[in-house]
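Here's the structure, in structure tokens; my notes come after.
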Amino acid sequence: MGDMSRLDHACPRPLRSAAALGLVAALAVGCTGAEADTTVAGRAAVATSPLPTVPPAQPPPQLTRADVETAVSKLDDVVRDAMRRTGVPGVAVGVVHNDKVLYLKGFGLRKAGTKDRVGADTVFQLASVSKPLASTVVAAAVGEKIVRWDDPVVDHSSGFALKDPWVTRHVTLADLFSHRSGLPDHAGDLLEDLGYDRSYILDHLRYEPLAPFRAHYAYTNFGLTEAGVAAARAAGTSWEKLSDEKLYRPLGMDSSSSSFADYEKAGNKAALHVKTGDTWSAEYVRDADAQSPAGGASSTVRDMTKWLRLQLGNGKFEGRQVVDADALEQTHLPYMVSEPPHSPVGRAGFYGLGWNVSYDDQGRLKLGHSGGFALGAATNVALLPSEKLGIVVLTNGEPIGVPEAISATFLDTAQTGGPTVDWLTFLGPIFKQSLHGEHSPVDYSKPPASPAPAQVNSAYTGTYANDYYGPMTVSAQGNELTMQLGPKKQRFSLRHYDGDTFSYRTTGEMALGLSGVTFTVGTGGRADKVRVEHLDTTGLGTFTRND
């Protein structure tokens, strides 16, 4: 579809975490789940060739400087039009062509209701645009022979495990960076919403059921995070320090960091905003340190254009080879089909190492990624490497398609003289459906006309255990039941729905409104199990009484 690369799909929860969007050929939301030979022989066969081969050479540049300058000259109007139509508070945009920064500008406000203006040096949370930054960091380590892309993760993280011991031994850094490990979609994100830290979440990925290894694409923030952390361990340091040593400092990205604390202390930073009706407000704070390689970086458009120059320069920056060219090129190759073609003449979308990868009608490589926090950020980067052209768009509003529309309109204009479609109109409904269309299978806001009565509260109160989610405590305060979960003892009020089923309001990145909690009451008149619907996406959401 034009110059869009593809919305990173997140089935069954589209756009509900630090991930969720991106550019690749077809702008369709869906998951691929190819069957695979899961016998030992079949698994051994897939293990023998973990790295893809280099694709055909790229065609010569087709865009003139005048083509690009025409698109740049229209960017102010494109951004202002998107802001006028959506009300998104702040936007910052950078464009690089032939190793020159042609455009660097901020628009609007860092925080709604203030007079603090967005500029080229305003720090934004990047959400999943952190992923291609992370693969750049690891590429630097690969170039220095600290790790290899096809290293098994257990070589560097001895305690790492997945549910299948064979997969545990064979899954590589590249497998986790390309979302083909077999982990389910967004594995671990619900643990993050409950307040668990990185160590706990990575240690508990071993409980998740696995799809066929290297035959199933599913977007996982914490799978990628494990790969980044493993590379840092191999280097004898932390992920935050490795990012700084291999990327931010060598490029002079002085306002960039992979630590939430650095974003927090920045004076010139953009707040997160969500939209209620027609009003944008800064309601949430999003600390993404647990998944820092996948979604926890922050930066400015000025800094990000330096990274674009590095990417488009095959690892060179201002005459210095900062990242080995071969190691970086590996991140641009298609590792996994992420979007099958939707018609006989359609093209597939792929995922590389931290990048969405696609090819246009001229055979040109296209790289892209989007980032989104449902709690209030949306970002996008798009590159045409053969044209040495790239754009980055950072915004401080929840994902509604603004950065993607700006990027697509710019690239469309550079290639055709103007947009071939109204990208904001085209993308808006897709994002709206993806971001707000997710809900429980039952509408818990409308109880049955004649609900079955609940048991007495004492039938439900007590403590319950779960190997994955940890303990749950159900207590009664007055006539109200409360469920307590997570290391920070988050409390959720339970409202009676029908019989032994209650509802509660979900919170965090993966929130989807009201969801259900169903107790199983035994013959003794006390519940011995409780299933939390929102936490049960992969069958891990049942808690067993242990008091």
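Backbone geometry of region 300-308 corresponds, through the Karplus equation with coefficients 6.51, -1.76 and 1.60 at θ = phi - 60°, to 3J(HN,Hα) couplings of 10, 5, 4, 5, 5, 5, 5, 5, 4 Hz, x marking Gly and Pro.
Within the accessible area of the chain, the carbon and sulfur atoms contribute 51%, probe 1.4 Å, all protein chains present. Taking the longest Cα principal axis of the chain as reference, the axis of helix 75-86 is set at about 20 degrees. Computed extension length for residue 523-residue 325: 64.6 nm, one decimal, from 0.36 nm per residue of separation with the Cα-Cα distance subtracted.
Once the Cα-Cα distance is subtracted from the 0.36 nm per residue extended length, the residue 445 to residue 480 segment shows a gain of 10.9 nm. The magnitude of the dipole of region 206-308, with charges of +1 and -1 set on the Cβ of Lys/Arg and Asp/Glu and taken from the Cα centre, is near 300 debye. Put a plus charge on the Cβ of each Lys and Arg, a minus charge on the Cβ of each Asp and Glu, and nothing anywhere else: the dipole of the chain about its Cα centre is then about 660 debye.
When region 228-312 is described by a simple charge dipole with +1 on each Lys and Arg Cβ and -1 on each Asp and Glu Cβ, the residue from 312, 237, 282 located farthest towards its positive end is 312. For the chain, the solvent-accessible area of protein heavy atoms averages 37 Å² per residue (probe radius 1.4 Å; ligands and nucleic acids excluded).
Report the local net charge at residue 528: Lys and Arg +1, Asp and Glu -1, summed over other residues whose C-beta lies under 13 Å from its C-beta. Overall, the nearby charge balance is +2. Once the Cα atoms are used to define both axes, helix 221-234 deviates from the longest principal axis of the chain by about 70 degrees.
When the helices of the chain are scored as -39500 (n - 2.57) per DSSP H run of n ≥ 4 and the total is divided over every residue, the value at 222 nm lands at -7500 deg cm²/dmol. Peptides 373-386, 482-495 ordered by packing proxy, namely the average of other Cβ atoms within 10 Å per residue, highest first: 373-386, 482-495. Checked against a 27 Å cut-off, the cross-linked pairs 265/306; 246/388; 246/275 give Cα-Cα distances beyond that limit for 246/275. The phi-based Karplus calculation (6.51 cos²θ - 1.76 cosθ + 1.60; θ = phi - 60°) puts the 3J(HN,Hα) values of region 322-334 at 6, 10, 3, 4, 5, 5, 6, 4, 4, 6, 8, 8, x Hz, whole numbers, x for Gly and Pro. Placing unit charges on each Cβ (+1 for Lys and Arg, -1 for Asp and Glu) gives the chain a dipole about its Cα centre, and among 293, 188, 335 the Cα reaching farthest toward its positive end belongs to 293.
Using the Karplus relation 6.51 cos²θ - 1.76 cosθ + 1.60 with θ = phi - 60°, the per-residue 3J(HN,Hα) values for region 255-260 come to 9, 9, 7, 10, 10, 4 Hz, with x marking Gly and Pro.
The values are calculated or read from the model by the stated rules, or taken from the named source; none is laboratory data. These numbers were taken from a predicted model, which means no experiment stands behind them. Virtual Cβ from ideal backbone geometry, glycine too; neighbours counted across all protein chains shown. Ligands, DNA and RNA are stripped out before the accessible areas are found, and what is left, the full protein with its side chains, is counted by its heavy atoms. Shrake-Rupley method; radii C 1.70, N 1.55, O 1.52, S 1.80 Å.
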